[in-house]
Amino acid sequence: MSEYSNLKMGERGAWVSIIAYLLLATAKLIIASFGNSEALRADGLNNTTDVIASVAVLVGLKISRKPPDEDHHYGHFRAETIASLIAAFIMMTVGIEVIIGTVQDIINQRAGEPAMVTAWTALVAAFVMYAVYRYNLNLSKKINSSAIYAAAQDNRSDALVSIGASIGIFGAQFGVFWLDPLAGLVVGLIICKTAWDIFKTSTHSLTDGFDEGEIEHIRETIAAHPGVWSVKDVKARMQGNQTLVEATIHVNPDITIQQGHDITDEVEELLEKEQNIGYAHLHIEPYEK
């Protein structure tokens, strides 16, 4: 299956997340308003940011499917990463707002007893998000999509956030009223932590950062070919979900140009087969002792 077909399938996961987050955010914010729960309100705002993040992923996936053109020779795969970066800023803004609001409630002692329905709402939401997490996790493995895999991890963290909110609300039922806004504060911190992780990953990719361990793994794969006598240099960067590799290899100086060409073709096939690297630019030099 081609990269473009995988991106098309990945849009299904984004749509599943968007629909689930819209329904849950609406239900949580409405029930939290008359159920007097800061934890459920914070959880609802968290899902609101997730809607924005999922829409950003969806838009990024759609743009990424555009083929290369005159001024995008490598395609548009980085649009997905840029969308994730925008989503991170939005999530951080909402997270800070949640933290400020809940801290003010704790300081001013505005905490009251939330209605029991808010706890059950959070608990049901946790099960729904876990189901969405399993769907997106399986989809990400099927199409080998890092974006959908990241969305799945976000789904799982949202399920855990809802469980934490329900615990805080249940605790408030026993007279420990400050547990509810405290749970809201924890949710705000989790939103900010998630936003920071997305920001760090996105900026690392956009600045051509690449894991050193993966570079070494690529070097070992190239060196495993019997026609490669040594590997002088290996560079790699991410283009959306695609890994682009550039390497300089040393070969027998007595072989023909055709034989050298055959070696590069075989190394490229090896990289695609073992590491799913569809683009590799290999430069050949004669081996010198």
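Things worth noting here:
- Derived scalar couplings between HN and Hα for region 92-104 equal 5, 4, 5, x, 5, 4, 5, 4, 4, x, 6, 5, 4 Hz in order, rounded to whole Hz, by the Karplus curve 6.51 cos²θ - 1.76 cosθ + 1.60 (θ = phi - 60°), x for Gly and Pro.
- Residue-normalised accessible area of region 1-139, expressed per residue, 1.4 Å probe, Å²: 49
- With contributions of -39500 (n - 2.57) from each DSSP H run of at least four residues, the per-residue ellipticity at 222 nm computed over the chain stands at -25000 deg cm²/dmol.
- Based on C-alpha pairs under 8 angstrom that are at least 6 apart in sequence, the chain has a relative contact order of 19 percent.
- Among Ala172, Met91, Thr49 the positive-end extreme of the charge dipole of the chain (Cβ point charges): Ala172
- GluC sites (Glu not before Pro) lying in DSSP loop within region 48-134, provided at most 15 other Cβ fall within 10 Å: Glu70
- Integer Hz, Karplus 6.51/-1.76/1.60 couplings in order for region 254-269, x for Gly and Pro: 9, 7, 7, 4, 4, 5, x, 4, 4, 4, 5, 4, 5, 5, 4, 5
- Value of relative contact order over region 193-286, rounded to a whole percent, pairs C-alpha under 8 Å and six or more apart: 27
- Dipole axis of the chain (+1 Lys, Arg; -1 Asp, Glu on Cβ), positive-most option in Ala159, Cys192, Tyr74: Ala159
- The label-point distance for Leu29 and His204, in a model that sets each label 7 Å from Cα toward Cβ, rounds to 3.3 nm.
- Fraction of accessible area attributable to carbon and sulfur, region 7-50 (%, probe 1.4 Å): 72
- Candidate lysines - alpha carbon under 27 Å from Lys200, same-chain residues fewer than 8 apart omitted: Lys8, Lys62, Lys66, Lys141, Lys142, Lys235
- Model label points for Leu123 and Thr93, set 7 angstrom from Cα along the Cα-to-Cβ axis, are 3.6 nm apart.
- Taking the DSSP beta bridges with both ends in the chain, the antiparallel portion is around 55 percent.
- By accessible area, using a 1.4 Å probe on protein heavy atoms only, region 69-210 has 69% of its surface on carbon and sulfur.
- Ligands, DNA and RNA are left out, and with a 1.4 angstrom probe the accessible area of region 155-264 is 50 Å² per residue.
- Compared with the direct C-alpha span, the chain from Val176 to Gln153 gains 5.1 nm at full extension, assuming 0.36 nm per residue.
- Pairwise label distance in nanometres, Tyr279 with Lys66, each label 7 Å out on the Cα-Cβ vector: 1.6
- Selection of chymotrypsin sites (Phe, Trp or Tyr not before Pro), region 147-182, meeting DSSP coil and at most 11 other Cβ within 10 Å: Phe174
The values are calculated or read from the model by the stated rules, or taken from the named source; none is laboratory data. Just so we're clear, the structure is a prediction, and the values are computed from it rather than from any experiment. Ideal geometry is used to build each Cβ from the backbone, glycine not excepted, and the neighbour counts take in all protein chains shown. Each accessible area value is taken on the protein alone, full model and side chains, heavy atoms only, with ligands, DNA and RNA left out. Shrake-Rupley method; radii C 1.70, N 1.55, O 1.52, S 1.80 Å.
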